[in-house]
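Peer 1: Here it is: the structure, laid out below.
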Amino acid sequence: MHSYSLIAPAKINLYLEIIGDRPDGYHELAMILQSINLADQIDIRSASTDTIRVRCKHPQVPTDKSNLAYKAAALMANRFPDAFAQYGGVEITINKQIPVAAGLAGGSTNAAAVLVGIDLLWELGLTQSELEELAGQLGSDVPFCIAGGTAIATGRGNELSPLPNLDHLSVVLGKYRSLAVSTAWAYQTYRQQFGDSYLTDTQSLTSRASAVHSAAIVKAIIRKDGVQIAEKLHNDLERVVLPEYPQVAQLRQVFQEAGALGAMMSGSGPTVFALCESHEQAQQVKQYVRTAIPDPDLELWLAQTCTTGIQIATGAK
Ligand code: ATP
């Protein structure tokens, strides 16, 4: 095959706990990540030249070497120089549907799609764990995006334990178009404000992170109990993002009032999501929020939790 179309789903965080500082300088995290069917489409094809090219019409997405999809292709070229020489360069076209800088891992899922796409294009036959190892070099959320579904992520976010699939929950997402939160800013501010309470010794970090495996929300996920999952949603980064962005705090509040099972900010925000038990409930919540906040800057989406990460849509010679 000389080209592939891949579906790259976004993720939401059902749980995000910042535990402390790791010896490698990263935060130790305990997260529960969930794929949703709001997705970008990534088209990847072999090029006759030996270059990597990224195309994307979205004004906030760079098409140079700073694009995470470019970085993923460069990593593959560097790791598999013989295949790169044999198959030539790659052209990557990103059809962006996932809002940018939104806490939905948009860049990370694009990078994961490029790893999967080049593995297919160059007929490398990499295993899921080999792909996840490469993904870990590109960013903390990238390994999860490969297989997606529902998973616990500890360490920097790259140590994954799959959970039973949650395929029955509807999700409403809300984001102000003009608001973007830098993930780096959110974590740095959290460290400045709450660093005093950080754990730092390796053993305490590991044991506290692994405690998430027996958390109430994990038990609720295993039981597929939407009401309890929604009740136990948690995100430490709300402590820094909500006071800085009152609009986001208000949106979260309105989602709650709208009758959703629960609402929370995803990742470093500013996207807020509401969990709903049915598509009908999600539509009602969306309508309520639209009426309560008529601001045209507020974008709303309906989505569904999904059980897969990167999917092949089509391949062609
Ligand atoms: P995360 O949830 O993993 O922290 P995010 O959803 O908050 O990520 P992204 O959408 O990945 O954030 O965008 C973060 C920044 O990365 C943007 O400001 C954008 O300029 C840059 N970027 C680089 N490559 C991409 C890409 N392929 N898609 C989107 N943004 C990209």
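The values are calculated or read from the model by the stated rules, or taken from the named source; none is laboratory data. Remember, it's a predicted structure, so these values are computed and weren't measured experimentally. Here the Cβ is made from the backbone with ideal geometry for all residues, glycine too, and neighbour counts use every protein chain on show. Just so you know, the surface numbers come from the protein's heavy atoms only, side chains and all, with ligands and any DNA or RNA stripped out. Shrake-Rupley method; radii C 1.70, N 1.55, O 1.52, S 1.80 Å.
Peer 1: So which residues in the range 137-173 are over 23 Å from K224 (Cβ atoms) and open to solvent by 10 Å² or more (accessible area, probe 1.4 Å), if there are any at all?
Peer 2: Those that are over 23 Å from K224 (Cβ atoms) and open to solvent by 10 Å² or more (accessible area, probe 1.4 Å): Q137, L138, G139, S140, D141, I146, R156, N158, E159.
Peer 1: Give me a count of the residues in the range 1-45 that are within 14 Å of the ligand (Cβ to nearest atom) and either modelled with pLDDT under 95 or not in a strand (DSSP E or B) (or both).
Peer 2: Qualifying residue count, the range 1-45: 2.
Peer 1: Okay, next question. Restricting attention to the range 62-87, which residues are over 24 Å from the mean Cα position of the chain (by Cα), more than 22 Å from P143 (Cβ to Cβ) and surrounded by fewer than 16 Cβ atoms within 10 Å (Cβ to Cβ)?
Peer 2: P81, D82, A85, Q86, listed by residue number.
Peer 1: Sticking with this structure for a sec: Could you please find all residues in the range 274-317 being in contact with a helix residue (DSSP H, G or I) (Cβ under 8 Å, 6 or more places away or on another chain) and within 13 Å of L38 (Cα to Cα)?
Peer 2: Looking only at the range 274-317, we keep the residues that are in contact with a helix residue (DSSP H, G or I) (Cβ under 8 Å, 6 or more places away or on another chain), and these are 274-277, 285, 288-289, 292-293, 298, 300, 302, 304, 308-310, 312, 315.
Those that are in contact with a helix residue (DSSP H, G or I) (Cβ under 8 Å, 6 or more places away or on another chain) and within 13 Å of L38 (Cα to Cα): L300, L302, Q304, T308, G309, I310.
Peer 1: So, one more: Condition check: part of a loop (DSSP other than H, G, I, E, B) and outside the structural domain of L104 (by TED's automatic domain parsing). Does K224 satisfy that?
Peer 2: yes
Peer 1: Moving to a separate point now. Does any residue in the range 98-110 that is near the ligand (Cβ under 6 Å from one of its atoms) come within less than 7 Å, Cβ to Cβ, of a residue that is in a helix (DSSP H, G or I) six or more places away or on a different chain, and which pairs are these?
Peer 2: The qualifying pairs are V100/G106; A105/C145; G107/L68; S108/L68; S108/V142; S108/C145; N110/L68; N110/A69.
Peer 1: Go through the range 46-58 and report how many residues are at pLDDT 95 or above and either near the ligand (Cβ under 10 Å from one of its atoms) or among the aliphatic types (A, V, I, L, M) (or both). It would help to see each step written out before you state the result.
Peer 2: Going through the range 46-58, the residues at pLDDT 95 or above turn out to be 52-58.
Add one more test, that the residue is either near the ligand (Cβ under 10 Å from one of its atoms) or among the aliphatic types (A, V, I, L, M) (or both), and what stays is 52, 54, 56, 58.
Residues in the range 46-58 being at pLDDT 95 or above and either near the ligand (Cβ under 10 Å from one of its atoms) or among the aliphatic types (A, V, I, L, M) (or both): 4 in total.
Peer 1: Tell me the residue from L104, L121, L126, L115 that is open to solvent by 10 Å² or more (accessible area, probe 1.4 Å) and modelled with pLDDT of 95 or more, please.
Peer 2: Testing whether each residue is open to solvent by 10 Å² or more (accessible area, probe 1.4 Å) and modelled with pLDDT of 95 or more leaves just L126.
Peer 1: Please give the number of the condition S266 fails out of (1) open to solvent by less than 10 Å² (accessible area, probe 1.4 Å); (2) in contact with a Phe, Trp or Tyr (Cβ under 7 Å, 6 or more places away or on another chain); (3) over 28 Å from L163 (Cα atoms).
Peer 2: Failing condition for S266: (3).
Peer 1: Now for a different question. I'm told E231 meets every condition in (1) in contact with a Gly (Cβ under 7 Å, 6 or more places away or on another chain); (2) open to solvent by less than 50 Å² (accessible area, probe 1.4 Å); (3) not small (G, A, S) except one. Can you identify the failing condition by its number?
Peer 2: Exception for E231: condition (2).
Peer 1: Which members of the range 191-205 meet the condition of being polar (S, T, N, Q) and open to solvent by less than 80 Å² (accessible area, probe 1.4 Å)?
Peer 2: Within the range 191-205, just S204 meets the criteria.
Peer 1: Tell me the residue from A274, A282, A260 that is small (G, A, S) and in a strand (DSSP E or B), please.
Peer 2: A274
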